[in-house]
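To start, the structure itself, in structure tokens.
What follows is calculated from the coordinates using simple rules that are stated; it is not laboratory data. Please read all numbers here as calculations on a predicted model, not as lab measurements. No Cβ is skipped: glycine too gets one built from the backbone with ideal geometry, and neighbour counts run over all protein chains shown.
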Amino acid sequence: MKKLFALIDCNNFYVSCERVFNPKLAGKPVVVLSNNDGCIIARSEEAKKLGIKMGEPFFKCEKTLSHHAVHVYSSNYPLYGDMSQRVMAVIGQQEPEVEMYSIDEAFVRLPRSGNITDYGRALREKIRKQTGIPVSIGIGPTKTLAKIANRIAKKRMTSGVFDLTDHPQLTKILAETPAESVWGVGRKSGAKLAAANIHSALDLMQAEDVWLRKIMTVTGLRTAMELRGISCLDLDETSPKKSITCSRSFGHPVQSLEDLREAVATYTAIAAAKLRQQQSVASCLQVYINTDPFSKDQACYFGHRTTLLTGQTANTGELTRAAIRCLKTIYRPGHRYKKAGILLSGLTSDACRQPGLFTPAADQQPELMAAIDRVNRHMGHYTLQYGVAGFRKDWRNRQDRRSPAYTTCWQQLVMVKA
């Protein structure tokens, strides 16, 4: 029996997370800012109606936001990540075949039986009851059609579910869908299609296969076939990342080597924890630092250094020592640094680790790393850390409007008074 695809997308996810723990925000305009409170990255429906644009710099629209009494929040990624896991857990309880597409989206495969729309409504209500997060569900015979269905479902906020399978108005819907908005097309390919007089999803669906393959390669041909209802894209299994990076812009320019060392050590610890989480080890490490490329007061500087590790490792201490050695070689006094980052590559499974000739197995300290991860997972980030990472962390990015870490920090749990 053929199965259907459903795309479950959390509505205005970051804003919805804030509203779960602050119900007073319901019905009010809300926006969430990016790192360093730079740009708007999430908007409530009320904020959208005010004409507030996605990606707009905060400093440009601050007066407008204040005038309309818009509630402004700094991004709270620990909260959003935890709420995402909760939503995915509810979906996984209902459907075993799940592909987590992004922090707020998941594809699932549904059996082609019964009333699928009613099933979608029941799943939507279950997610709302167990997490407080509203979602929209688009259903179709292919992932691409499920994406289009989801866009329509978002406009139907009363039901939040739309099924394109055998829909009598499918041709009309595809004719009204711009080609560049089709999943997998984008602006660059959309421009090529427009030059060939292909402006809608219907035009793309009806285009000749030979021409599509020549102009848009096999990827474009698959997209057209998906629009025809022929499934070419299956659910992707989550595979370990081939590289892991952690980088941040500083809250203010950093000049001292000590502050840079703290930042690089902190980012290395975060990357190492991610490395262990996917049960991998790294054989290569890169550190990079840079000044503000848009500054008119100083010349732009970008320094980076890559080093091969003496052995494959996921040990925070070993990775930190290597990272600091790299940092010392690229640091230039007198610069005001805006950003630093760490990149781990050459990743392999920990089970396939090849012991180094000069690295005793005892030096890897897997029990210590596991203990640190457990404590930080249960007690909050930075509960246990290496001293070189510092404690003041004055260089951290600005989060002046951040809400509490309601679900990931014991000290910030909501207090209930009887």
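Taking H placed 1.01 Å from N in the peptide plane, check which residues at least 5 places from GLU97 or on another chain put their amide H under 5 Å from its amide H.
Answer set, sorted by chain and number: ARG109.
Only helical DSSP H runs with n ≥ 4 go in: add -39500 (n - 2.57) per run for the chain, normalise by residue count and round the 222 nm mean residue ellipticity to 500 deg cm²/dmol.
-12000 deg cm²/dmol
With a cap of 15 neighbouring Cβ atoms within 10 Å, and only residues DSSP puts in a loop, list the trypsin sites (Lys or Arg not before Pro) found in region 1-81.
LYS2, LYS53
Just flag the trypsin sites (Lys or Arg not before Pro) in region 65-170 sitting in loop per DSSP whose Cβ has no more than 12 other Cβ atoms within 10 Å.
Qualifying residues, ordered by number: ARG112, ARG156.
Among PRO404, VAL218, ASN315, whose Cα lies farthest out toward the positive end of the dipole of the chain, if unit charges sit on the beta carbon of Lys, Arg (+1) and Asp, Glu (-1)?
Result: PRO404, furthest along the dipole toward the positive end.
Would you mind working out the magnitude of the charge dipole of region 150-266 relative to its Cα centre, with +1 at each Lys and Arg C-beta and -1 at each Asp and Glu C-beta, to the nearest 20 Debye?
260 debye
Under the 0.36 nm per residue contour assumption, what length would be gained going from the current alpha-carbon distance of GLU95 and ASN115 to full extension?
This chain segment gains 5.6 nm when fully extended.
Of all DSSP beta bridges located in the chain, what percent are antiparallel, nearest 5?
Just about 85 percent of them are antiparallel.
Using 0.36 nm per residue of separation minus the Cα-Cα distance, give me the extension gain between LYS242 and LYS274 in nm, one decimal.
The span from LYS242 to LYS274 would gain 10.3 nm if fully extended.
Gain in length, LYS296 to GLN130, computed as 0.36 nm per residue apart minus the alpha-carbon separation, to one decimal in nm?
54.7 nm
Run down the aspartates and glutamates and flag those whose C-alpha is under 19 Å from the C-alpha of LYS188, throwing out any fewer than 8 positions away in its chain.
Counting by Cα, and skipping residues close in sequence, LYS188 has these aspartates and glutamates nearby: GLU180, ASP203.
Given C-alpha coordinates of the chain, what is the ratio Rg to Rh with the Kirkwood estimate of Rh?
1.00
How do CYS246, CYS10, CYS17 line up, fewest other C-beta atoms within 10 Å first?
The most exposed by this proxy come first: CYS246, CYS10, CYS17.
Between the DSSP loop rule and a limit of at most 10 other Cβ atoms within 10 Å, which chymotrypsin sites (Phe, Trp or Tyr not before Pro) in region 49-88 are left?
none
Scanning the chain for GluC sites (Glu not before Pro) in DSSP loops with at most 16 other Cβ atoms within 10 Å, what's the longest stretch left with none?
By the stated rule (loop sites, at most 16 other Cβ atoms within 10 Å), 238-418.
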